[in-house]
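Everything below concerns the one structure shown next.
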Amino acid sequence: LLPMHFGAAGAQALREAGAPDEDGWVEVELTVEGEAVAVGDLLRLGAEAEVLGPPDLRRAV
């Protein structure tokens, strides 16, 4: 989903991601244009994503 929604930044985030944890989740670090844009983009991922930080973005999502 990341490359489809975030293009090159999403593809790079996946390349740099670690292995899935025991529950199958993969933690990625994603560069975004700004909080307002990121909120909309991340909400489109639905339950497939959880924002861990920064705290303001996590609260907004």
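The values are calculated or read from the model by the stated rules, or taken from the named source; none is laboratory data. Note that the structure is predicted; figures quoted are calculated from it, not measured. Positions of Cβ are backbone-derived with ideal geometry, glycine not excepted, and every protein chain shown enters the neighbour counts.
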So which pairs qualify, if the first residue must be in the stretch 48-61 and without any contact (Cβ under 8 Å) to a residue 60 or more places away in the chain and under 18 Å from Gly34 (Cβ atoms), the second must be not hydrophobic (A, V, I, L, M, F, W, C) and not in a loop (DSSP other than H, G, I, E, B), the Cβ gap must be under 6 Å, and the two must be at least 6 apart or on different chains? Val51/Arg58; Leu57/Glu35
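Which of the residues belonging to the stretch 27-55 are of a type in the set (Gly, Ala, Ser) and in a loop (DSSP other than H, G, I, E, B)?
Answer for the stretch 27-55, where residues must be of a type in the set (Gly, Ala, Ser) and in a loop (DSSP other than H, G, I, E, B): Gly34, Ala49, Gly53.
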Name the residues in the stretch 17-36 that are over 16 Å from Met4 (Cβ atoms) and either within 11 Å of the chain's Cα centre (by Cα) or modelled with pLDDT under 90 (or both), would you? Glu27, Glu29, Thr31, Glu33, Gly34
Please go through the stretch 2-26 and pick out each residue that is surrounded by 12 or more Cβ atoms within 10 Å (Cβ to Cβ) and assigned to a loop (DSSP other than H, G, I, E, B). Ala17, Val26
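Which count do you get for residues in the stretch 45-60 that are within 21 Å of Arg15 (Cβ to Cβ) and either surrounded by 12 or more Cβ atoms within 10 Å (Cβ to Cβ) or aromatic (Phe, Trp, Tyr) (or both)?
The total comes to 3.
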